[in-house]
Each structure stands twice: as C-alpha cells, then as structure tokens.
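Visitor: One structure, as structure tokens, below. Some questions next.
The values are calculated or read from the model by the stated rules, or taken from the named source; none is laboratory data. Note that this is a predicted model, so its numbers are computed, not measured. Virtual Cβ from ideal backbone geometry, glycine too; neighbours counted across all protein chains shown.
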Amino acid sequence: MDMSSTRATVPSGRRVAGPSPACSRATCAADADESCVPQMRHFVLHCVRRLGVPESVCDTVCLVVSELVTNAVLHSGSRSVTVLVRIGPGDVLVAVRDSGQWCERSEPRQSTADGGVPFGRGLDLVRAAADFCTIDSGPGGTVAAAGVRFEDVTSAPAGAVR
C-alpha cells in the first residue's frame, strides 16, 4: 500500500492540524510508544471531522486506528509508526505502517490499567467494526489497513430523499 502523502510528525503532547478541505489524505508519524496511540487517534479524528465524515463513522474510525496503532506499538518492535487516513466519497481508509517484526509475547501483558479485562482481541474488534481489514507483513514491516463505508450525502442526486 502506498502511504505517501502529506506528512506530519507528532512530537509528544503537540496537536497537529489535519488536511485542508481540498485534501482527502494525510499521514502522521510518531515514535512507537504508548503515548502515540491517543495522538494518532486525535490526528485521525481531526481529519475525518474536518472533512465532514458522519460522527458515528468518526467513532468507528477512532476505534480502528486505536487498535491498529496499539498492535504496532505492542507487537512490532518498531521505533516508529505511521498512520495514513484517506477520506473518499463514502469511505474512510486508515492504514498503519511499522518497520518492525511481529514479536510474540512470552507472558501475558501485566498492567494495572487492564483491570482484569481480557486483551488480545484488537484485530477481532477491527474486523467487526470495519467493512474490510487487511494485514500485509514482510521483512520491512507491516501495513494494517481497514476501511469504513458511509453514505456520502454530498454525492447524492439533487432532490434525493435521505
């Protein structure tokens, strides 16, 4: 998957503006640590809201990006993670790229934040929430992509009932 487009790097704690109204895609790169998950989610949320994606779709896209970025942070061993968001007529594509290799956990994740809640279901959540999900992995890293479709009210014929 080609992830070239407008690029923004998110330093810790800094907000980055999304695409201009004429732009339908943007990328954001950050260090692959736990703090990048909310940064990437806010970046994508800003992009989809700015371009008028329905709020229910924004929520779904935020869930998808959170899960895919979390997987890259926890399992890839990559130093960085890049998110591409592409907004088309009636769909949003989110792709997450890392440059690491899949790392199996030798023991269960232990975190007080987990509070006994089961984990390890991120890709299942993505597949349930998104209309499609693909994972392409190789020696150079992994690209996980998911798409969410919605009714594009801007392309409906004049006079159409919605």
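Visitor: From (1) under 17 Å from P38 (Cα atoms); (2) modelled with pLDDT of 95 or more, pick out the condition that doesn't hold for T70.
Guide: Going through (1) under 17 Å from P38 (Cα atoms); (2) modelled with pLDDT of 95 or more one by one, T70 breaks only (2).
Visitor: G120 fails exactly one of the following numbered conditions: (1) on the phi < 0 side of the Ramachandran plot; (2) at pLDDT 55 or above; (3) out of contact with any helix residue (DSSP H, G or I) (no Cβ under 7 Å at 6 or more places or on another chain). What is the number of that condition?
Guide: (1)
Visitor: Next question, about the same structure. So is G159 in a loop (DSSP other than H, G, I, E, B) and modelled with pLDDT of 55 or more or not?
Guide: The answer is no for G159.
Visitor: Filter segment 32-72 for residues that are outside any helix (DSSP H, G or I) and without any contact (Cβ under 8 Å) to a residue 60 or more places away in the chain and give the result.
Guide: Answer for segment 32-72, where residues must be outside any helix (DSSP H, G or I) and without any contact (Cβ under 8 Å) to a residue 60 or more places away in the chain: D33, E34, S35, L51.
Visitor: Shifting gears a bit: I need the full set of residues from segment 79-93 which are in contact (Cβ under 8 Å) with a residue 60 or more places away in the chain and hydroxyl-bearing (S, T, Y), in order please.
Guide: T82
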